[in-house]
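Colleague: Quick one: the structure is below, and I'll ask about it shortly.
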């Protein structure tokens, strides 16, 4: 069991890195680090699939190919574009906390469908989550030095909510696709979605450059300032995508579902930790209290759902 817990925490740490990358690549943009991440992920996916899973690829239907590619485009590229711009606008803490609500949101969606638990049992966890988000948002708004910074904070919050909804869609569609084919090879499926992410990034690349979302045409990549962009593209493309997926699969195989579901919260905690280290400061009382309330709400809600099942 301890191996599963360590693997789950390792996956959370890898995912947490992706919330810091947009802050560490200046003067390049969130679009640039997203492009780098998913081009690396797409290339790595192609190499792994061709080297180890050619036989599996021959058995896939056109529907499975199409679903995996769409999941890669929306669930990876569009999701992370929203997260990356949210981080650049509002900092790492707020988007990490908003995205950290995903486990309980998925559980609520499942309860609408299956009614596994009485809604009154969710009042306490949902109240804790709402209070945690309110604390962090209120402090950030009060400390914003200008109207422009408050607008940036609000825009970051909206983008983080959009990212959460996109990933929720991804989780639902991905689970449905895998349920239709329970014998699907995990490496092959991860590789297919990786190909979708890489192909989607290529499709979005030219429009993004035309809209001025990228600094690469202006700055190039043959300069010292490009080193963090290249390093973070490799780190998020390989560690936060491939390695994290493998570690999470290992955790899911070795742990009870209730425990592995609660370990997803480690992504939020690591993102907050890395964000404060990057900012060179300790979290405030409001940030600490808000994070504690949100994590407690998510874990309590998740526990109640899986206990009921």
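The values are calculated or read from the model by the stated rules, or taken from the named source; none is laboratory data. These numbers were taken from a predicted model, which means no experiment stands behind them. In this analysis, Cβ positions are derived from the backbone assuming ideal geometry, glycine residues included, and neighbour counts consider all displayed protein chains.
Colleague: Among residues belonging to region 209-234 that are assigned to a helix (DSSP H, G or I), over 21 Å from the mean Cα position of the chain (by Cα) and in contact (Cβ under 8 Å) with a residue 12 or more places away in the chain, point out the one that is surrounded by the most Cβ atoms within 10 Å (Cβ to Cβ). Show your work before the answer.
Modeller: Initial filter on region 209-234 (assigned to a helix (DSSP H, G or I)): 209-210, 216-219, 226-234.
Narrowing the set further to residues that are over 21 Å from the mean Cα position of the chain (by Cα) leaves 209-210, 216-219, 226-227.
Of the ones still in play, those that are also in contact (Cβ under 8 Å) with a residue 12 or more places away in the chain are 216, 219, 226.
Numbers: 216: 18, 219: 15, 226: 20.
Looking at residues that are assigned to a helix (DSSP H, G or I), over 21 Å from the mean Cα position of the chain (by Cα) and in contact (Cβ under 8 Å) with a residue 12 or more places away in the chain, I get 226.
Colleague: Conditions: (1) outside any helix (DSSP H, G or I); (2) buried (at least 24 other Cβ atoms within 10 Å of the Cβ). Residue 27 meets all but one. Number of the miss?
Modeller: The number of the failed condition is (2).
Colleague: Among the residues of region 117-172, count how many are farther than 23 Å from residue 302 by Cβ and outside any helix (DSSP H, G or I).
Modeller: 3
Colleague: Also, I was wondering about something else. Looking at (1) at pLDDT 80 or above; (2) surrounded by 22 or more Cβ atoms within 10 Å (Cβ to Cβ), find the lone condition where residue 292 falls short.
Modeller: Unmet condition: (2).
Colleague: Restricting attention to region 120-139, which residues are buried (at least 21 other Cβ atoms within 10 Å of the Cβ) and either free of Cβ contacts under 8 Å to residues at least 40 places away in the same chain or touching a strand residue (DSSP E or B) at 6+ places or on another chain (Cβ under 6 Å) (or both)?
Modeller: none
Colleague: For the structure I just gave you, tell me whether residue 100 is buried (at least 18 other Cβ atoms within 10 Å of the Cβ), at pLDDT below 85 and over 30 Å from residue 177 (Cβ atoms). Let's see the steps before the verdict.
Modeller: Details: buried (at least 18 other Cβ atoms within 10 Å of the Cβ): yes; at pLDDT below 85: yes; over 30 Å from residue 177 (Cβ atoms): no.
Spelling it out, it is not the case that residue 100 is buried (at least 18 other Cβ atoms within 10 Å of the Cβ), at pLDDT below 85 and over 30 Å from residue 177 (Cβ atoms).
Colleague: Follow-up question, since we're still on this one. In region 43-62, what residues are over 20 Å from residue 233 (Cβ atoms) and surrounded by 12 or more Cβ atoms within 10 Å (Cβ to Cβ)?
Modeller: Of everything in region 43-62, those that are over 20 Å from residue 233 (Cβ atoms) and surrounded by 12 or more Cβ atoms within 10 Å (Cβ to Cβ) turn out to be 49, 52, 53, 56, 57, 59, 60.
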